[in-house]
Amino acid sequence: MNTNIAVKDKPRKNALVLFIHKLGSPPWFYDFTGKFIPWLWLIFVGLAAWALYLGLVRGPADYLQGESVRIIYLHVPAAWASLLIYASMAVMAFIALVWRIRIVEILAMCSAPIGAAFTIVTLTAGSLWGRPTWGTYWVWDARLTSELVLLFLYLGVIGLYNAIDEPRKAARAACLLAIVGAVNLPIIHYSVKWWNTLHQGSSVSLLGGSSIDASILWPMLIMAFAVKFYYLANLLTRARVRLLEQDLRKGWVKDVVREQRP
Amino acid sequence: MSHLPFIWAAYSIGTVVLLWCAFAPLVRKKSAVRDIRRLIQLEEPARDTDT
Amino acid sequence: MTPTRKRRLIALLLILAGVGVASTVAFYSLQENLLYFQSPSDLAMQPIPPGRQFRLGGLVKPGSVTRAQDGLGTRFVVTDGPKEVEVEYVGILPDLFREGQGVIARGALDGNGLFEASEVLAKHDENYMPPEVAEALEESGHTVRSSDGR
């Protein structure tokens, strides 16, 4: 309590702290994010088009799997995104539970549907790669099974959030599930190392370089980068809508709506 | 066996899922804005009759 | 940090630690069942009785593939380096099946150490490259495929 009073008495705050405090205020967050969401979409579309041109039009087929290698420009970036979005959701859920910041709560909850979409893309693209390459659409090995569990975790978070009427209470319960589910992340990542799986091992590691030829690797990395912008743009769009819905009767929401063309 | 149908299928499904995920919040926003407009009209009837 | 926040933080960290320990224990005890396939070396260490279904994984030994005269039957040797097992399979092999390639076969051993497969899947490794690069690598004497069958 004493420290709190001390902070309030301070005449000037650090610029970064001030910025974070501002972001925590719904009207300010709504205005600020609204300005650059279109730019995020634009960057995503530009980067994705470039990556797909390099990968699908210019890029080579694989020496062994032929044309079906082209599915990895979708599968691998989506798989990385499905893990990264879960991690970011879990971290935000943690912050939301300890500090009870409403914006962070909303951001964590709005991450779940986007993560679920990427998990679905990962699973379907992977399955459609597996048929021509392995000879089967699906096997119950450790990698595929743990990625499927990730989908169920996302669906669990979404379901729990929607099942409870009071939004703050719902967010608290769903955040806890999101945090607990994070134990699945290292399991997915290391599954190909810890157990014999049909799924191949990692081709790219942060420290050890990669075993993918540059002509295939670069479009994949560009796509993986592009997908982050999709996540950001989509997340902020969703969070803004959530804020409007939750603050239905507040003055700032009415101002926002009045300013829009009817 | 030709692999092209698998590539087409993978990219089609991927595009549909990601497009749907991107447009779903816009639909929600539309209905939220409609609700808020109705609220405004209920609370401020005088404003409408003035203009 | 206020006492309430500190209390929440500690409670959350305890929950996380508990879940972490529980899942580690669970996964250590499930370790065996999560192995999708056995390598020939695994098989040599812990023999599986004839007739019981399991999956055998390894590389197709170069030069070992023989096709039956009458149709679809194929015989080949699966190796992981130190140990090998002979496999017989009747059916259509996946596109990627070739000598030196990783495969996973499901089936059972007969009494004489021959593995009778009912399904053969090709296992891809973590290397991706255009054909020209693969050729150049082969010419310079590198082996293109990973050697451990993973």
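None of the figures in this text is laboratory data; all of them are computed from the coordinates on show. In this text, all values refer to a predicted model and were calculated from it rather than measured experimentally. Every residue, glycine among them, receives a Cβ derived from its backbone with ideal geometry; neighbour counts consider all protein chains shown.
Kindly identify the stretch A:145-240 as rounded, prolate or oblate by the Cα gyration tensor criterion: order the square roots of the eigenvalues as a ≥ b ≥ c, call it rounded if a/c is under 1.5, otherwise compare a/b with b/c, prolate if a/b is larger, else oblate.
In terms of gyration-tensor shape, oblate.
How large is the convex hull of the C-alpha atoms of chain A per residue, in Å³?
Cα-based convex hull of chain A, divided per residue, equals 184 Å³.
Specify which residue in the list C:HIS124, A:TYR53, B:LEU18 is farthest towards the positive end of the charge dipole of the protein assembly as shown, using unit charges on the beta carbon of Lys, Arg (+1) and Asp, Glu (-1), about the Cα centre.
B:LEU18
Test of understanding: in a Gaussian network model of chain A with alpha carbons linked when under 10 Å, which of A:ALA171, A:ALA108, A:ALA49 would top the mean-square fluctuation ranking?
A:ALA49
With each label point set 7 Å from Cα along the Cα-Cβ vector, what nm distance links A:ASP255 and A:VAL57?
4.7
List the residues whose amide H sits under 5 Å from the amide H of C:MET129, counting only those 5 or more places along or on another chain, with H placed 1.01 Å from N in the peptide plane.
For C:MET129, whose amide H was placed from the backbone, the distant partners under 5 Å are A:TYR63, A:LEU64, A:ASP213.
Which of these, A:GLY209, A:GLY59, A:GLY24, has the largest mean-square fluctuation under a Gaussian network model of chain A (Cα springs below 10 Å)?
A:GLY209
If R0 is 41 Å, what FRET efficiency do you get for C:ILE92 and C:SER41 from their C-beta distance, rounded to 0.05?
That gives a FRET efficiency of 0.90.
Considering the alpha-carbon set of the stretch C:1-141 alone, what are its Rg and its Dmax in angstrom?
Final numbers for Rg and Dmax: 22.8, 81 Å.
Using every alpha carbon pair in the stretch A:191-240, what percent of pairs falls into each 10 Å bin from 0 up to the bin containing the largest distance?
20, 33, 30, 17, 1
Let me know the shape class of the stretch A:100-181, please: from the alpha-carbon gyration tensor, a ≥ b ≥ c as square roots of the eigenvalues, rounded when a/c is under 1.5, otherwise prolate if a/b is greater than b/c, or oblate.
Judged from the Cα gyration tensor, the stretch A:100-181 comes out prolate (a/c at least 1.5, a/b above b/c).
Rg and Dmax in Å for the stretch C:59-143, alpha carbons only: what are they?
Rg, Dmax (Cα atoms, Å): 14.3, 45.
Nearest 500 deg cm²/dmol is fine: what mean residue ellipticity at 222 nm does chain C get from its DSSP H runs of n ≥ 4 alone, each adding -39,500 (n - 2.57), divided by its residue count?
After summing the helix terms and dividing by residue count, I get -10500 deg cm²/dmol.
For peptide A:54-65, what's the mean number of Cβ atoms from other chains within 10 Å of each residue's Cβ?
Partner-chain Cβ atoms within 10 Å, mean over residues of A:54-65: 4.
What FRET efficiency comes out for the pair A:TRP218/C:LYS83, r = Cβ-Cβ distance, R0 = 45 Å, nearest 0.05?
Efficiency computed from Cβ-Cβ geometry: 0.70.
For the protein assembly as shown, with only Lys/Arg (+1) and Asp/Glu (-1) charged at the beta-carbon, what is the dipole magnitude about the Cα centre, in debye rounded to 20?
So the magnitude is around 3060 debye.
Applying 1/(1 + (r/R0)^6) with R0 = 35 Å to the Cβ-Cβ distance of A:LYS169 and A:SER202, what FRET efficiency is obtained, to the nearest 0.05?
Given R0 = 35 Å and the Cβ-Cβ separation, E is 0.30.
Gaussian network model of chain C, Cα springs within a sub-10 Å range: biggest mean-square fluctuation belongs to which of C:GLU132, C:GLU116, C:GLU99?
The residue with the greatest mean-square fluctuation here is C:GLU132.
How large is ³J(HN,Hα) for each residue in the stretch A:154-169, as worked out from phi by the Karplus curve 6.51 cos²θ - 1.76 cosθ + 1.60 (θ = phi - 60°), to whole Hz, x for Gly and Pro?
For the stretch A:154-169, the Karplus curve yields 4, 5, x, 4, 4, x, 5, 4, 7, 7, 9, 5, 6, x, 5, 5 Hz.
Plugging the Kirkwood radius over Cα pairs into Stokes-Einstein for the protein assembly as shown, at a temperature of 25 °C and a viscosity of 0.890 mPa s, what D comes out in µm²/s?
Result for D is 96 µm²/s.
In whole Å, what is the distance between the alpha-carbon centres of the stretch A:189-262 and the stretch C:84-117?
Going from one Cα centre to the other spans 41 Å.
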